[in-house]
Amino acid sequence: MKVAVIGAGNLGMALIRNAMKNVEIIAVRRRREEFQELEGVEFVYDIQEAGEANVFLVALKPHVFRSHLETVGDVAKSKPVISFVAGVRLEEMLKHIENPFRGMTNLGIEKRGVIACYPPETAEHLRFLESDFIYCETEDELDAMTSYLGSSPALIAKLFHAFVISALHQGISYDNALKAGISAFQSAAYLYSKYGLEDTIRKIATPGGTTAEGLREIAGIEKGFIDALIAASRRVDEL
Ligand SMILES: NC(=O)c1ccc[n+]([C@@H]2O[C@H](COP(=O)([O-])OP(=O)(O)OC[C@H]3O[C@@H](n4cnc5c(N)ncnc54)[C@H](OP(=O)(O)O)[C@@H]3O)[C@@H](O)[C@H]2O)c1
């Protein structure tokens, strides 16, 4: 099986690093000087050269995809085209592309990650990727995933960095702060999904203890985080 990745930039290369474990790749980009030697990956520099692929993943910038919708449709014919492009809706794709689908993910997909899909059967065309799937019920939900799945790692990295800085300030070495941070962020997600917020806090915090002191201070940053994610989500409508 051959998979074309149209737009081998940041997201495209992350998808390629995951997919190359299981399928042959035709990677389409524009600049020849950015060629990389990767086993099982053939780089080409024109969308027209990707015609022999069985499935097409699109990771172009929105304005670039819009100006190449017809070319992608001509090359893919009736084969599935899964767009990871923010804000370009199925209705727009259908004008030139016969069999369009939409996905959203983030750069973590290079290792393993989650792909949000709309419509849900999109996942059937992405089984060659080592990934879990979120099945979106509407296209609006998929659009919102651009912020909550695509952009959020950058925002959360800022919180993670604040964690590391704080640990350094308190005399913990950089490497140990990193290890502690990875464990704390992973544990928080695990405990929240298993026990919910209240039980997680009840199990960790002792009255008058260290956790309670921290919780008192953290109330201020919650609104900022909520607003940041909503602002990122609203931006999708303008693309
Ligand atoms: N970056 C993320 O974290 C992320 C997360 C979720 C979704 N997305 C979505 O993924 C899409 C791409 O974002 P990105 O950050 O990966 O952008 P990017 O790094 O700029 O990658 C875009 C790629 O498109 C290629 N390209 C441009 N014009 C082309 C053409 N005419 N023919 C073939 N290839 C062409 C570029 O090639 P050259 O490099 O050779 O110029 C580049 O490799 C966007 O729609 C974005 O919404 C990104």
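Since every read-out is calculated from the coordinates, none of them should be taken as a lab result. Computed from a predicted structure; not experimentally measured. Note that each Cβ is placed from the backbone with ideal geometry, even for glycine, and that neighbours are counted across all protein chains shown.
General observations
- Cα-only radius of gyration and Dmax that characterise the chain, units Å: 20.8, 67
- Cα-based Rg and Dmax for segment 103-190, where Dmax is the largest Cα-Cα distance (Å): 16.2, 51
- Residue exposure sequence - Thr138, Thr200, Thr122 - by fewest surrounding Cβ within 10 Å: Thr138, Thr200, Thr122
- Long-range Cα-Cα pairs in segment 145-238 (distance over 16 Å), rounded percent: 67
- Each helix, a run of at least 4 DSSP H residues, gives -39500 (n - 2.57); summed and divided by the residues of the chain, these come to -15000 deg cm²/dmol at 222 nm.
- Charge sum, other residues only, whose C-beta stays under 14 Å from Asp227's C-beta, Lys/Arg counted +1 and Asp/Glu -1: +3
- Here the Debye sum runs over all C-alpha atoms of segment 2-137 as equal scatterers in vacuum, and log10 of I(q)/I(0) at q = 0.16, 0.17, 0.21 Å⁻¹ comes out as -0.73, -0.83, -1.34.
- Segment 32-101: mean projected area of Cα convex hull, nm²: 4.9
- Farthest towards the positive end of the charge dipole of the chain, among the residues Val55, Ile26, Leu155, is the Cα of Leu155, using unit charges on the Cβ of Lys, Arg, Asp and Glu.
- Mean separation of Cα contacts under 8 Å (6+ apart) over length of segment 122-214, as relative contact order %: 12
- Peptide packing: for 111-117, 90-96, the average count of neighbouring Cβ atoms within 10 Å per residue gives the ranking 111-117, 90-96, highest mean first.
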